[in-house]
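Asker: Pasting a structure here, questions to come.
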Amino acid sequence: PFRKKDADYESLDELLLVKGMTKDIYERLLPVLTIYGDGKVNINTATPDVLYALGLDDALLQKILAVRRGKDDVDATPDDFIFTKTYDIASSVNESIKLMPEEARAIDAINGQGALTVSSVFFSASIKASLGASAWQKKAYAVFSARDNQLLYWREK
């Protein structure tokens, strides 16, 4: 078992040393877990699973994602909406898709906890490559710091 060291994790792989953590659990958590950053969730880039984990119900989550994707309803296209102020998230969503009062309160409550941000200096990438029709495949996961212009983590499978 991993002995508590009274310090932050230095690597994602260090989580595998925690008692009860299995390779299977780790692999399932990897897309939604990070040791980098300040603990806030970027409303512009967080996956649906991460936003759901904040306590958003499915209907509200779908509204936020629809606003984020823009009119073409496709992620990562020029018409995507970018939230620029955390205190303005509920009103920005409401301008495009009407929110129920309790939905606006839910966003404001998460904001009040300091759980959201609208920007980040840490970026992750999951890469999957294959060679033509062959069975060869390679997967990699990386975390990059734009602040330090540095690759913080790299893992290949």
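Asker: Inspect all residues belonging to segment 64-83 and state whether any of them is within 29 Å of Ser11 (Cα to Cα), modelled with pLDDT under 95 and either hydrophobic (A, V, I, L, M, F, W, C) or open to solvent by less than 50 Å² (accessible area, probe 1.4 Å) (or both).
Answerer: Yes, the conditions are met somewhere in segment 64-83.
Asker: Here's a follow-up. Filter segment 46-63 down to residues that are open to solvent by less than 40 Å² (accessible area, probe 1.4 Å) and either under 14 Å from the mean Cα position of the chain (by Cα) or under 22 Å from Thr34 (Cα atoms) (or both) and give me whichever is modelled with the highest pLDDT.
Answerer: Leu61
Asker: Take Ala115 and decide whether it is out of contact with any Cys (no Cβ under 9 Å at 6 or more places or on another chain), within 14 Å of Ala46 (Cβ to Cβ) and either in contact (Cβ under 8 Å) with a residue 40 or more places away in the chain or surrounded by fewer than 11 Cβ atoms within 10 Å (Cβ to Cβ) (or both).
Answerer: Details: out of contact with any Cys (no Cβ under 9 Å at 6 or more places or on another chain): yes; within 14 Å of Ala46 (Cβ to Cβ): yes; either in contact (Cβ under 8 Å) with a residue 40 or more places away in the chain or surrounded by fewer than 11 Cβ atoms within 10 Å (Cβ to Cβ) (or both): yes.
So Ala115 passes the test.
Asker: Exactly one condition in (1) under 14 Å from Ile43 (Cα atoms); (2) over 18 Å from the mean Cα position of the chain (by Cα); (3) surrounded by fewer than 17 Cβ atoms within 10 Å (Cβ to Cβ); (4) of a type in the set (S, T, N, Q) is not met by Ser96; state its number.
Answerer: Against the list (1) under 14 Å from Ile43 (Cα atoms); (2) over 18 Å from the mean Cα position of the chain (by Cα); (3) surrounded by fewer than 17 Cβ atoms within 10 Å (Cβ to Cβ); (4) of a type in the set (S, T, N, Q), Ser96 comes up short only on (1).
Asker: What pairs come out if I take residues in segment 77-97 that are acidic (Asp, Glu) and pair them with residues that are surrounded by 13 or more Cβ atoms within 10 Å (Cβ to Cβ) and part of a loop (DSSP other than H, G, I, E, B) whose C-beta lies under 8 Å away, six or more apart or interchain?
Answerer: Qualifying pairs under 8 Å: Asp79/Gly70; Asp80/Gly70.
Asker: Just the residues that are of a type in the set (D, E, K, R), open to solvent by less than 90 Å² (accessible area, probe 1.4 Å) and not in a strand (DSSP E or B), please, taken from segment 131-155.
Answerer: Selection gives Asp148 alone.
Asker: Counting only residues that are free of Cβ contacts under 8 Å to residues at least 24 places away in the same chain and assigned to a helix (DSSP H, G or I), which one in segment 99-108 is most open to solvent (accessible area, probe 1.4 Å)?
Answerer: Restricting attention to segment 99-108, the residues satisfying the condition of being free of Cβ contacts under 8 Å to residues at least 24 places away in the same chain are 100-102, 104-105, 108.
Subsequent filtering for residues that are assigned to a helix (DSSP H, G or I) retains 101-102, 104-105, 108.
On the way: Pro101: 80, Glu102: 99, Ala104: 27, Arg105: 145, Asp108: 81 Å².
Among them, the one singled out is Arg105.
Asker: Right, Gly39: at pLDDT below 95, at positive phi and touching a helix residue (DSSP H, G or I) at 6+ places or on another chain (Cβ under 8 Å) or not?
Answerer: No: the conditions fail for Gly39.
The values are calculated or read from the model by the stated rules, or taken from the named source; none is laboratory data. Everything quoted here is computed from the prediction, not taken from an experiment. All Cβ positions, glycine included, derive from the backbone under ideal geometry; neighbour counts span all protein chains shown. Note: accessible area is taken over every heavy atom of the protein model, side chains too, but ligands, DNA and RNA are not part of it. Shrake-Rupley method; radii C 1.70, N 1.55, O 1.52, S 1.80 Å.
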